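The values are calculated or read from the model by the stated rules, or taken from the named source; none is laboratory data. Nothing here was measured: the structure is a model prediction, and the numbers come from that model. For neighbour counting, all protein chains shown are included, and Cβ atoms are generated from backbone atoms with ideal geometry for every residue, glycine included. The protein model used for the area step is the full one, side chains on, heavy atoms only, and it has no ligands, DNA or RNA in it. Shrake-Rupley method; radii C 1.70, N 1.55, O 1.52, S 1.80 Å.
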Amino acid sequence: MTADAPGALDLGKLFAARLHAARVRPYLATALFALRLVESREVPTMGVDRYWRCYVSPAFVDRTPLEELAAVWVHEVAHLLRDHHGRGDRVARERGLHGPAERLRMNIAADCEINDDVYGDGLVCPEDAVTPGKLGLPPGELMEDYLRQFRLGPGLERLAWLDCGSGADGLERAWELGPDGAHGLSEQERDAVRFRVAQGIKGVPGSAPRGWRRWAEEVFHPPQPWRQLLGSALRSVVSAPGVGEDYRYGRPARRSAGLPEVVLPSLRRSPPRVCVVVDTSGSVSDTELGSALLEVAAICRALGGRRDLVSVLSCDAAARTVQPLCRTEGVELVGGGGTDLRTGFARALRRRPDVVVVLTDGQTPWPEARPPCRTVVGLFARSGGSYDENDPAYRPETPPTWARVVTIGPAPA
Amino acid sequence: MTAYAPQLAVADSLLDLLRVTTTEPRADTQLEALTLAVAADLPVLLWGEPGIGKTAALTQLAAALDLPLTTVIASVHEPSDFSGLPVVGDDPAVQGVPMAPPDWAVRIVRDGRGLLFLDELSTAPPAVQAALLRLVLERRIGSLRLPAGVRIVAAANPRSSAADGWELSPPLANRFVHLQWTHDHDVVVRGLGGTWPRAALPRLDPERLPEAVAFARRAVCEFLVARPGLVHRLPQGESRRGGAWPSPRSWEATVRLIAFTTAAGASRDVLSLLVRGTVGDGPGLELLASLDRMDLPDPESLLADPAGAVLPERGDLRQAALDAVVAAVRTRPERARWDAAWALLVRAMETGAPDVVVVPATTLASLRREGWDVPAAVERLSGVVSLSRRADEAARRGARSAGARR
């Protein structure tokens, strides 16, 4: 188990380091043990490929303390779990980034995404780990965001040796075994490992840092941009049977002329009445409201609804003015202070709408009974504040189940 | 007039030249999955951006299965085209009003077999979708019944790219196997250069049919016994609407698909696409994880013959197998079983990475009863003990340096 010949790989040290890593990060144990070790003299330090093989340089193992090796194990497996190779390829295609220099930049950006919260708590931070702080960037962002914020320059020359393999940036290396090599993991096996790690993190969310929890939530369900979700929610309630256009037997169809004996339904449209209730309490910012309202207006227009049938109602503790959405812009929103959406609903229902759209941050009482029309809630995401650290039993009031809820947050890149 | 005719002839020969392409064999997971689902007689729904070759794939599939292809664009039809047009006869009170089917349906029924391709499903209005529900579920168009030899495939654009798309209602979504259709950059570039891929389609092995059925039933039943909450779960949350979700109906489809992939000897990747497309990502991945556990060697047979035991190669699976052995010893603690488990751990250490053995060894040691002597085999685990000690030291050093920094 120990190095007998000079230059041989010290497997004992490497496995002890992996054991240490699995002990301090139990939720990553599955992924750590799934890695396949390959000894390589060409890799500068340690690197992974997209088939979950881990290439290790014997010299690197010899000169690195065991604690740091454990940190490197966790770092390399994080590249794979977070799909940096797939995301790297996608970014390269979308933004037209080619060549080894750009891939090195991707590797650095991916390292920044991992390193800002992976160390500590039993794992030492290697001396030369790239952190967002060292590049003068804010922590807690994604590889794609970091990639926009720095360039390779004089300050970064010392990073040019940095190489985590194709698992970190998607560029195949000369020493890698490639797709046909032995002991790679197939796509399904990779998904299964990532799924089990995510389940483990979701099972005991308290023990994992924030970055890992976010990853576990999103790994198999990446968040969709809220504009699309709000649009499709609105479209589907506005066009559901009984609201928008549908087939009626009220008037003969145009096809009837060709088929005299046949009774055909015809497509008829009754433009839907949409009432938008806007929460103008102090807790919702004007920019958020502005962008959401513009979106609703645009969708209603695209649906062919007549603009005078879309009305906007601002609501804080009391429901204020109702305005038809006749102008492209300039809907006046008044309010501030607390919210009570019950009055907003009552006021909106007086106009007998087909659909009520509510834009709110959800910090409000909701009506007890289901209103006699379809409801879409655009909910402004509030991170932090919604859960009370001191009182685990505290839950904020959530929108009722009869409403379709779309969470409106910052648009993902 | 005559001056143009030779020009058009030249144009025709140019077009002929452009049509000349060759094919090369290439493994294609999504085409394999599509073929198996169609062979299993389950309706398939292909989700994909417009213009990425869904129709081309269907043409290839129809040629491979030797079925005539009928394409119907759902969004340009009226509900009565699928439910039948009412034709008023001489005496409706006596004869009733027959629901006349459209011509393509009559042709398919006359042929008795075929591939029915319903394109642009998600852009069809709700009333048309409701009529399609009957076609897909009951296989009826008006008064006609589709013969058993007809297979149904539909295509839809994802919500993000269909600007005016309606989403699929949950009952309709539940009847389909949802396959995400993506294009492979290399395939497209090579294809435009004149060489398209030719996929080897999976063949069902007649010898393996009973075994495949038994395996599929066992896989799904064992899983659902352990996870009763997943038998029926309507899609929650805005982003998962219109997709696959678990219900008794889709689990039945899953049994069928597992049996077909097993009989065809298809890869897990193909099965993964199919299962996740039938019951959704979360339940599908959980089922696949449980299949992986079924592949693990049975702890009792490992204990019965520790010397001849074959342990999985991959570290995480190996640890899962060893954990299962230790758990089996815990449920029925007997001296002989305890010794056998130690022998297994020694074997695991000698054939693979030693760090995997540490946790099972610690747990097994804690199961020791009064009067049980430490077996001689444990001596050979000294490598594991020193490994564990080194990791402990590292942990202590890490804690000390963290303390010093603070």
Give me the inter-chain shielding for A:21-29: mean count of other chain Cβ atoms within 10 Å, whole number please. 3
note: region A:172-220, Cα-Cα separations exceeding 18 Å make up a percent value of 46 percent
Which distance in nm do the two modelled labels at A:E368 and A:R351 give, with both placed 7 Å along the Cα-to-Cβ direction? 2.7 nm
Just to confirm the filter: which GluC sites (Glu not before Pro) across region B:351-397 are DSSP coil and have at most 15 other Cβ within 10 angstrom of their Cβ? B:E370
Considering every residue in B:378-390, what mean count of other chain Cβ atoms within 10 Å of its Cβ is obtained? 3
Measuring from a point 7 Å past the Cα of B:T351 along Cα-to-C-beta, which residues in region B:357-384 have an amide N at less than 16 Å? B:357
Here P(r) for region A:1-83, Cα-Cα distances in 10 Å bins, as whole percents, is 19, 56, 23, 2
Only Cα pairs under 8 Å and at least 6 apart count here; give the relative contact order of region A:26-182 as a rounded whole percent. 32 percent
By accessible area (1.4 Å), largest first, B:H77, A:H85, A:H98 order as A:H98, B:H77, A:H85
Distance in nm between B:A376 and B:D111 label points, each 7 Å along Cα→Cβ, equals 7.5 nm
Roughly how many whole Å is it from the C-alpha centroid of region A:158-220 to that of region B:58-106? 50 Å
Just the ratio, please: alpha-carbon radius of gyration of region B:56-196 over 2.2 N^0.38 Å, N its number of residues. 1.22
Find how much the distance from B:T195 to B:R335 grows on full extension, using 0.36 nm per residue of separation minus their present alpha carbon separation; answer in nm with one decimal. 43.8 nm
If you project the alpha carbons of region B:11-57 onto the principal axes, what extent comes out on each, in Å, largest first? 43, 25, 18
Name the residues of region B:254-283, by number, that are at least 10 Å² less accessible with every protein chain in place than in the isolated chain; the surface is that of heavy atoms, probe 1.4 Å, without ligands or nucleic acids. B:R268, B:D269, B:S272, B:R276, B:D281, B:G282
Quick one: if the Förster radius is 22 Å, what FRET efficiency do B:S386 and B:A304 give, using the C-beta to C-beta distance and rounding to 0.05? 0.10
Given Cα pairs under 8 Å that are at least 6 residues apart, what percent is the relative contact order of region B:1-110? 13 percent
Bins of 20 Å, beginning at zero and ending with the bin holding the largest distance: percent of Cα pairs per bin for chain B, please. 21, 39, 27, 11, 2, 0
Hey, what did chain B get for relative contact order, percent, Cα under 8 Å, at least 6 apart? 15 percent
Per-residue average of Cβ from other chains inside 10 Å of B:124-130: 4
At a 10 angstrom cut-off on C-beta neighbours, averaged per residue, how do the peptides B:319-326, A:141-148, A:88-95 rank from highest to lowest? B:319-326, A:141-148, A:88-95
Using the alpha carbons of region B:290-384, what is the convex hull volume per residue in cubic angstrom, as a whole number? 89 Å³
For labels at B:T59 and A:R148 in the simple 7 Å Cα→Cβ model, what's the distance in nm? 4.1 nm
Among bridges DSSP assigns within chain B, what percent are antiparallel (round to 5)? 15 percent
Roughly how far apart, in whole Å, are the Cα centres of region A:33-104 and region B:200-233? 37 Å
Probe radius 1.4 Å, ligands and nucleic acids ignored: give me the carbon and sulfur share of the accessible area of chain B as a rounded percent. 56 percent
Heavy atoms only, probe 1.4 angstrom, no DNA, RNA or ligands counted: give me A:E76, A:E172, B:E252, A:E67 ranked by accessible area, highest first. B:E252, A:E172, A:E67, A:E76
Can you give the log10 of the normalised intensity I(q)/I(0) at q = 0.21 Å⁻¹, computed with Debye over equal Cα scatterers of region A:41-165? -1.39
Please give the total accessible area that chains B and A bury against each other, computed with a 1.4 Å probe and expressed in Å² to the nearest 100. 4800 Å²
